[in-house]
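To keep things clear, I will list the structure first and then write my remarks on it.
Please treat every number below as a calculation from the coordinates, not as lab data. This is a predicted model, so every value here is computed, not measured. Reconstructed Cβ throughout: ideal geometry from the backbone, glycine too, with neighbour counts over all protein chains shown.
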Amino acid sequence: MSDDEKTPLFHKLEAAIGHHRNGRTHQAMALYKEVITLDSRNVIALNNYGALLLKENDLNGALTVLRQAVEIDPQAYDAWSNLGDACQLLQDYLAAINCYQKALTIKPTHAPALGNLASALKPIGEFTLAERFHKAALEVDPTHVETHTNYALFLLATGRYKEGFREYEWHWRECAKRVGRAAIQWDGTPLNGRTLLVYFVGGFGDAVQFSRFLPQLEKQNGQIIVATRKPLLALLRYSFPTITFVDDAETLPLHDVQTPIMSLAHFTGVTLETLPFSEGFLKVQPEKMAEWRERLQHDQGSTAASAPLRVGLVWAGAPHKHIKFIEFANRRRSLDLKTLAPLAEAVPEAIFYSLQIGDKKEQAAHPPAPMTLIDYTDHIHDFSDTAALITQLDVVVAVDTSTAHVAAGLGKPVMMLSRFDQCWRWLAKRSDSPWYDSLTIYQQKRPLDWSEAFEDAKRDLRAMQDAKEKAHGV
């Protein structure tokens, strides 16, 4: 290819990289594709295009172009690292580890490969090695926020809460900088008459889980205001009546300092042994409980059993389509309702109640045989309604969603179905949770394989049904 012929290609590649660096993903992808069409062996374009396909959750597309890149240039360490990311997202951890090792053989100080190798080692139980590579990544780039955040998640997943929550403050400080609020981030020192705004970040489940720390703020010599999303307001106001809650969609009251609610775990120095209110901390208004008790009192299962188990069901989480990595995690944690048919087969006399809101809610209209499923979700207007319905049930079976947190926060038995690469909060190699006494974890033993988790859940549901019948003299 002559210099004259190369010039347009180089201009396209340069423009694509410019769009890429400035976050204009779709413009960059279009130009990378044009470059690859003109020069199918352009490793820079292949690697960068593959990285953007990863960002867009097109994992199979990313695998294809990144494999092309490393076949053309086996020394392309960035491409090996990105290929490892694709394999890890597909939960092929051994292949991911192999890719990261190849990248590090070429460039031993490649920080992303070091950190992501650590992340790939954790799910297969190589915790000592994982920590070694997390620390190596920090030695290469000690101020990289994402590297600190990944190490924090490792520490939290292994139960080292003091270290983990302290390390996670790197993430919150960066978030505060991005929105120009770093100057008023609370550092945990006495308020001395100042007003502290606690704000919620993440999903509803995070908000519920960490609300247990709010009562400890009342020891501070200052005013506490908690801003939360509207669906949680009624439930939290009734559960914590001495704390002021406001709708975070409205103009916030004046305040001197602020903190994300998850930072309270750091400021309180919490450990596995000192987690507060594991027995439950949420409360429901008596009139709401009475309303739901009346609504459910005449419900009958398909077998007309005199003491049917009442089981709440949540089979899918919120998709969060605007945040790609969360959307992909949601695909791994979520199910279709028909997948839960084996649970109904274990307890055919049980009455199942849909607690599914939003995505996949419509599946409740067509439950799998032999499931008796009743759907009252049109009567649910916020989390106080969800909580009131849950108080009338015997157990909640849920994937890792906010409803599991609400049910366990009420002290209701929860059977939580957890993906193989489960969230840090459920810890490694445990079926119980120090956060919630009433929650049991049924984790996949292999990626995307629910078979063993379902067998355990079926056994325990059957035992609960038998115990209820015995208690009623059946």
Dipole check, the chain, charges on Cβ (K,R +1; D,E -1), about Cα centroid: among S402, L340, S431 the Cα furthest to the positive pole belongs to S431
For the chain, the dipole about the Cα centre with charges only on Cβ (Lys and Arg +1, Asp and Glu -1), to the nearest 20 debye, works out at 480 debye
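Contact order normalised by length for segment 286-471, with contacts defined as Cα pairs under 8 Å and 6 or more residues apart; what percent is it? Working shown, then result.
Values: 311 pairs, mean separation 42.9, N = 186.
Once divided by the residue count of segment 286-471, the mean separation gives 23 percent.
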Check: in segment 286-471 the Lys pairs 8 or more apart or on separate chains whose Cα atoms fall under 21 Å apart number 16
For the chain the mean separation of alpha carbon contacts under 8 Å (6+ apart) over residue count, i.e. relative contact order in percent, is 11 percent
Using alpha carbon centers only, segment 373-443 is separated from segment 79-116 by a whole-angstrom value of 35 Å
Short to long, in 10 Å steps from zero, the percent of alpha-carbon pairs of segment 3-142 per bin is 13, 38, 33, 13, 3, 0
With a ≥ b ≥ c from the Cα gyration tensor eigenvalues, square-rooted, and the rule rounded for a/c under 1.5, otherwise prolate when a/b > b/c and oblate otherwise, segment 337-397 is oblate
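Can you bin segment 69-190 into rounded, prolate or oblate? Criterion: square roots of the alpha carbon gyration tensor eigenvalues sorted a ≥ b ≥ c, rounded for a/c under 1.5, prolate for a/b above b/c, oblate for the rest. Present the calculation step by step, with values, prior to reporting the outcome.
On the way: a/c = 2.58, a/b = 1.78, b/c = 1.45.
Judged from the Cα gyration tensor, segment 69-190 comes out prolate (a/c at least 1.5, a/b above b/c).
Would segment 182-274 count as rounded, prolate or oblate if I go by the C-alpha gyration tensor, calling it rounded below 1.5 in a/c and otherwise prolate when a/b exceeds b/c, oblate otherwise? Can you show the working numbers first?
Values: a/c = 1.44, a/b = 1.07, b/c = 1.34.
Judged from the Cα gyration tensor, segment 182-274 comes out rounded (a/c under 1.5).
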With the 8 Å Cα cutoff and a minimum separation of six or more residues, segment 109-241 has a relative contact order in percent of 15 percent
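On alpha-carbon atoms, Rg over Rh for the chain using Kirkwood Rh?
Working: Rg = 25.1 Å, Rh = 24.7 Å.
With Rh from the inverse mean 1/r over Cα pairs, Rg/Rh is 1.01.
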Whole-percent tail of the Cα-Cα distance distribution for segment 286-471, cut at 32 Å, equals 9 percent
